[in-house]
1. If you check Leu318 against the conditions, is it in the same structural domain as Lys372 (by TED's automatic domain parsing), touching a strand residue (DSSP E or B) at 6+ places or on another chain (Cβ under 9 Å) and surrounded by 16 or more Cβ atoms within 10 Å (Cβ to Cβ)?
2. Taking segment 285-315 only, how many residues are closer than 25 Å to His202 by Cα, in contact with a strand residue (DSSP E or B) (Cβ under 8 Å, 6 or more places away or on another chain) and among the basic types (Lys, Arg)?
3. Determine which single condition Tyr83 fails, assuming it passes every other condition in (1) in contact (Cβ under 8 Å) with a residue 40 or more places away in the chain; (2) not assigned by TED's automatic domain parsing to the domain that holds Tyr120.
4. Restricting to segment 295-330, count the residues that are in a loop (DSSP other than H, G, I, E, B) and more than 21 Å from the chain's Cα centre (by Cα).
5. Which is free of Cβ contacts under 8 Å to residues at least 60 places away in the same chain, part of a helix (DSSP H, G or I) and assigned by TED's automatic domain parsing to the domain that holds Leu194, of Phe248, Phe253?
6. Given the criteria assigned by TED's automatic domain parsing to the domain that holds Pro85, buried (at least 19 other Cβ atoms within 10 Å of the Cβ) and in contact with a helix residue (DSSP H, G or I) (Cβ under 6 Å, 6 or more places away or on another chain), does Leu272 qualify?
7. Go through segment 339-380 and count every residue that is within 19 Å of Thr171 (Cα to Cα) and among the charged types (D, E, K, R).
8. Let me spell it out: the conditions are (1) more than 13 Å from the chain's Cα centre (by Cα); (2) closer than 20 Å to Gln97 by Cβ; (3) surrounded by 18 or more Cβ atoms within 10 Å (Cβ to Cβ), and Tyr123 meets all of them except one. Which number is the exception?
Amino acid sequence: MNLKSKLPNAGTTIFTVMSALAREHNAINLSQGFPDFECSPELIKLASNYLKKGYNQYAPMPGVIQLRERISEIMHNCYAATYHPDTEITITAGATQALYTVFSAFLQAGDEVIVFEPCYDSYIPAIELQGAKAVPIQMEYPGFTINWNLVRNAVSTKTKMIVINSPHNPTGTCLTASDMSELTTILKGTDILLLSDEVYEHMVFDAKKHEGVACYSTLRNQSIIVSSFGKTVHTTGWKIGYVAAPSFLMREFRKIHQFLVFAVNHPLQLALADFLQNELNYKDLKHFYEKKRNYFKSLLKNSQFKLEPCNGTYFQLLNYSSISQMPDVDFAKELTVKYKLASIPLSVFYSSKKDDFLLRFCFAKKEETLEKAAEILCRF
């Protein structure tokens, strides 16, 4: 058949490639971002109870009201923001579906979307599938900061949306209050939408505050927030996330959502609503992962790798330039095949394939897993 690909340059994602390579060579997998420990037994019990009670048919299209009310409470507790559970919150089949739905709902052919690279790999393909154009701006290394003058220069009459991600995957950096002030100034008086990917919102370290969009009343009315329970409660395989936005934006989002997904897993939504009644089940997450970050760093203190700052998420970047000048994709594959440790090369998160000799390692792992990984890394 004569088929014309809508994504002619897209291949298999690096996450699939590296995880498959890890399985093939029986390597420790610190590549893909998922825990190797179980979620709370209490959460499993709640899910089991709702399965047994017969909540096994379609949930309401926007999500069960109990979970939407819980999200509204969390956003008020964490950010002093008010989002109405009926009209301003929708449950999604994970954050990636939520992101795709946002792009589908609001982008037209010819629109431009500013993204900051390195960026999560689903952004640009999803933008291009709408006939829109991604306008990448490279964060400045070292530090992975944003030059806001470059953003001002990139804004044009075609700019429909700016996408931010904090805490940031893959770098582990976080936007500051100064960054949010710059963004507010740029967006003021425009019709540009702000899409804020905040799936790691509860993982900000060193007593710092998550500068989420919900904290800023001046930004909320033109912003769409995407988050995920998979990261918060260690259940990435459940694929349940949510979107929060003003009602006039949420109406448009739901028009697309209903035809992409319609409804999300019913019993698991109810289990999450009950589990998150206890504030400690999300507020303690930053301490849990900060401890893991610190332990992983301590294990690598005598290695030849340079540890980049990690202010949030559960990813640690390691610079290997003092060890090898091999391209990062090749070095990551050799590390997996020869040394039995899988990671993610950072160049794949750039449209230009910029290579700063950096690998991303996930530290959402048991202590013994981190110890084995560090033992391998300290051999170099």
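The values are calculated or read from the model by the stated rules, or taken from the named source; none is laboratory data. None of these values were measured; they are calculated from a predicted model. With ideal geometry, Cβ positions are generated from the backbone for all residues, glycine too; neighbour counts draw on all protein chains shown.
1. Numbers: in the same structural domain as Lys372 (by TED's automatic domain parsing): yes; touching a strand residue (DSSP E or B) at 6+ places or on another chain (Cβ under 9 Å): yes; surrounded by 16 or more Cβ atoms within 10 Å (Cβ to Cβ): yes.
Yes; evaluated as a whole, the condition is true for this residue.
2. Selection size over segment 285-315: 3.
3. (2)
4. Applying the first criterion (in a loop (DSSP other than H, G, I, E, B)) to segment 295-330 yields 300-305, 308-311, 313-314, 320-327.
From what is left, the residues that are more than 21 Å from the chain's Cα centre (by Cα) are 300-305, 320-327.
Residues meeting the conditions: 14.
5. One residue alone meets the criteria, Phe248.
6. Considered against the rule, which asks whether it is assigned by TED's automatic domain parsing to the domain that holds Pro85, buried (at least 19 other Cβ atoms within 10 Å of the Cβ) and in contact with a helix residue (DSSP H, G or I) (Cβ under 6 Å, 6 or more places away or on another chain), Leu272 comes out as yes.
7. Result for segment 339-380: 6.
8. Result: Tyr123 passes all but (1).
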